[in-house]
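What follows is a single structure, written as structure tokens, with notes after it.
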Amino acid sequence: MKIPTHVAIIMDGNGRWAQQRGLPRLLGHREGANSIRACVEACQQAGVQYLTLYAFSLENWKRPMTEVTGLMGLLESFLRERTDEMLRKGIRLRAIGRLQDLPASCYQLLRDSMASTAQNQAFTLILALSYGSRAEIVDAVQSIARDVKAGKIQIDQINDQVIGDHLYTSDIPDPDLLIRTSGEMRLSNFLLWQSSYTEIYVTPKLWPDFRTTDLHKALEDYSNRHRRYGGVAE
Ligand code: IPE
Ligand code: IPE
Ligand code: MG
């Protein structure tokens, strides 16, 4: 079976999961956080090398303060409780997004966890936090413009590679498979540049209900896709 090197997931539907049960949204997020471990494990076992999880978007700061605070609390618990396990399992933790926007305690824990797992090579888990793809591209454009002004690069040397090198994901391959749960058919400002030729898989399952079997279904679906990159099918 053809296995994607990099899987990216828009973990959506926590709120609806809670709403369907008459529970507060935050309980949906807590249940959603519990879906992560099995998913990481299943990806690692299947031979996927990179997994990017969209955990909090730049636009998610617009949500009620109680929800935002609750989500940051869950992120802190995740980092406190899972770092040792990641260390043991050879998982390197990375993060993309405007990380300085995170509460100081979260940011510190994240940095510690990334530093302690930095040498791991078996698998890379990337959390997208305070992440917005347009903001990432804007940051890249500004940084390239500064390089041009400083004479480090000529305008006509700017190409796909140069732009890619200025994104948060500069040393991470583009995602091969993008999964979105809860049935929404949109990218919501996630990896717009990087997903140019990514295969998209949408499942109606809500993220807290997403299980290993659902991941395997997505991987199987991917293995039957014919990626043509604008060329002609073999
Ligand atoms: C995804 O679930 C988690 C985050 C965006 C943090 P939602 O909270 O968006 O759940 P729905 O879409 O309201 O069901
Ligand atoms: C995308 O989900 C962000 C994350 C999963 C973290 P949203 O629920 O925020 O996206 P929209 O608002 O439905 O587009
Ligand atoms: Mg949502």
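What to note about this one:
- Centre-to-centre separation between the Cα atoms of the range 40-105 and those of the range 117-151: 16 Å.
- Using Cβ point charges alone (K and R +1, D and E -1), the dipole size of the range 115-161 about the Cα centre works out to roughly 140 debye.
- Using the average count of surrounding beta-carbon atoms within 10 Å as a protection proxy, the listed peptides 20-31, 151-162, 170-181, 91-102 rank, highest first, as 170-181, 91-102, 20-31, 151-162.
- Simple rule: put +1 on each Lys or Arg Cβ and -1 on each Asp or Glu Cβ in the range 75-234, find the dipole, and look at T83, L127, A140; the Cα lying farthest toward the positive end is T83.
- Label-point gap, in nm, between Q142 and L87 - each point 7 angstrom along Cα→Cβ: 3.6
- The range 137-234 shape via C-alpha gyration tensor axes, a/c threshold 1.5: prolate
- Ordered from longest to shortest, the equivalent ellipsoid semi-axes for the range 1-117 are 24, 19, 13 Å, each the square root of 5 times a Cα gyration tensor eigenvalue.
- Paramagnetic reach from A122 in the range 23-39 [backbone N under 16 Å; point 7 Å along Cα→Cβ]: 37-39
- Sum of side-chain charges, L26 neighbourhood, beta-carbon under 15 Å (Lys, Arg +1; Asp, Glu -1): +2
- Restricting the calculation to Cα atoms, the range 64-120 yields a radius of gyration followed by a Dmax of 11.8, 38 Å.
- Charge sum, other residues only, whose C-beta stays under 13 Å from D112's C-beta, Lys/Arg counted +1 and Asp/Glu -1: +1
- Per atom type, the chain shows carbon and sulfur on 50% of its accessible surface, probed at 1.4 Å.
- For the range 64-136, accessible area per residue (1.4 Å probe, heavy atoms of protein chains only), Å²: 47
- Only protein heavy atoms count here; under a 1.4 Å probe, V141 has an accessible surface of about 90 Å².
- Cα→Cβ-extended label distance, 7 Å offset, between Q154 and L192, nm: 3.0
- Its Cα gyration tensor gives the chain an equivalent ellipsoid; the semi-axes, largest first and in whole Å, are 28, 23, 18.
- Expected-Rg normalisation [2.2 N^0.38 Å, Cα atoms] applied to the range 102-182: 1.36
The values are calculated or read from the model by the stated rules, or taken from the named source; none is laboratory data. Note that this is a predicted model, so its numbers are computed, not measured. For neighbour counting, all protein chains shown are included, and Cβ atoms are generated from backbone atoms with ideal geometry for every residue, glycine included. To get the accessible areas, we keep the full protein, side chains included, count just its heavy atoms, and leave off ligands, DNA and RNA. Shrake-Rupley method; radii C 1.70, N 1.55, O 1.52, S 1.80 Å.
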